[in-house]
Amino acid sequence: MRSWFEKATKLFDEREKPTVLALIRIFVALTVVYDLTVVGLLDVPVWLWAPIDQGGVSPTATRESAAWFYKVFPSTPDSATTLYIGMLVSAALFGLGLLTRTSAFVFVLLSAQSSILNDVGDRGIDRAIRIVVLILAFSAAGRAYSIDARIKTGTFRGDGELAPAWPRHLVLCQLVIMYTAAGLSKSATLWLPWGGHGALYVILNEPIYAVRDFGFLANPVLYFFTQVG
């Protein structure tokens, strides 16, 4: 037990330059900003997050206990737009590293509210991103490649001071758990020998997912290769 405790202590006490954490911060923020920009270009913020009687689609937004957002702001299309702009701006500031911790908390808070207002539209990737951003909020992700670093040290690269590495380990742990669970949830019979290993053929010919006609895979030889795949 002492050996395990010492190993755990050493792992959580590991120090490293905050470069990797900063890069995770930047790429996560770029993903969110791109995603939200597409939402804006499609002109769907009101459709996604406004109450039904105000042009929205989700009944969750009309419940009294749904979220505090419509207790603070009026239940109007303009408020849904405000929520959208708040998420976009906070994600952008997080990526730029300006008020990194504050912008991270604001984004997570507003994103969580959006998930309550439209629970059906909240995707697994949205939940994963909130978890990662929240972890980064407690890390040194803003100490490098950020405006905060520029203000504090005079350079965007920061002063190179070592920081705890546990946030990076925790992010990786989240990915392992998420993809393991996703893999287990996909363990349908068609993936297995007694299901004929037909999963890949079925997926490629599923109209919801298919980008072209894969009907030619019904050929016995080609079908065999889908089974091997």
Contact order normalised by residue count of region 6-103, Cα under 8 Å, 6+ apart, percent | 28 percent
Interchain or sequence-distant (5+) residues whose placed amide H lies within less than 5 Å of the amide H of GLU16 are ALA163, ALA165
Just the number, please: Stokes-Einstein D of region 133-174 in µm²/s, Kirkwood Rh from C-alpha pairs, 4 °C, 1.567 mPa s.
-> 120 µm²/s
Cα Rg, Dmax (largest Cα-Cα span) when computed across region 103-229, Å | 22.3, 66
Surface per residue (accessible, 1.4 Å probe) for the chain, Å² = 62 Å²
Once the in-chain neighbours fewer than 8 apart are removed, the lysines whose Cα is under 29 Å from LYS152 read LYS17
Got a number for the accessible area of PHE73? Probe 1.4 Å, square angstrom, nearest 10.
-> 80 Å²
How much length, in nm to one decimal, is gained on full extension between HIS169 and PHE224, taken as 0.36 nm per residue of separation minus their Cα-Cα distance?
-> 15.7 nm
The chain: relative contact order as a whole-number percent, Cα under 8 Å and 6+ apart | 21 percent
If we count trypsin sites (Lys or Arg not before Pro) as exposed when they sit in a DSSP loop and have at most 11 other beta carbons within 10 Å, what is the longest stretch of the chain that avoids them all?
-> 1-122
Share of carbon and sulfur in the accessible heavy-atom surface of region 92-223 [1.4 Å probe, %] | 69 percent
Length-normalised contact order for region 166-229 - Cα pairs under 8 Å, 6+ apart - percent = 24 percent
Ellipsoid semi-axes in whole angstrom, largest first, where each is sqrt(5λ) of the Cα gyration tensor of the chain = 36, 31, 17
Most mobile listed residue (GLY56, GLY154, GLY198) in the chain, GNM with C-alpha springs under 10 Å = GLY198
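The values are calculated or read from the model by the stated rules, or taken from the named source; none is laboratory data. Predicted model only: the values in this text are computed from it and were never measured. All Cβ positions, glycine included, derive from the backbone under ideal geometry; neighbour counts span all protein chains shown. These accessible areas exclude ligands, DNA and RNA; they are computed on the full protein's heavy atoms, side chains included. Shrake-Rupley method; radii C 1.70, N 1.55, O 1.52, S 1.80 Å.
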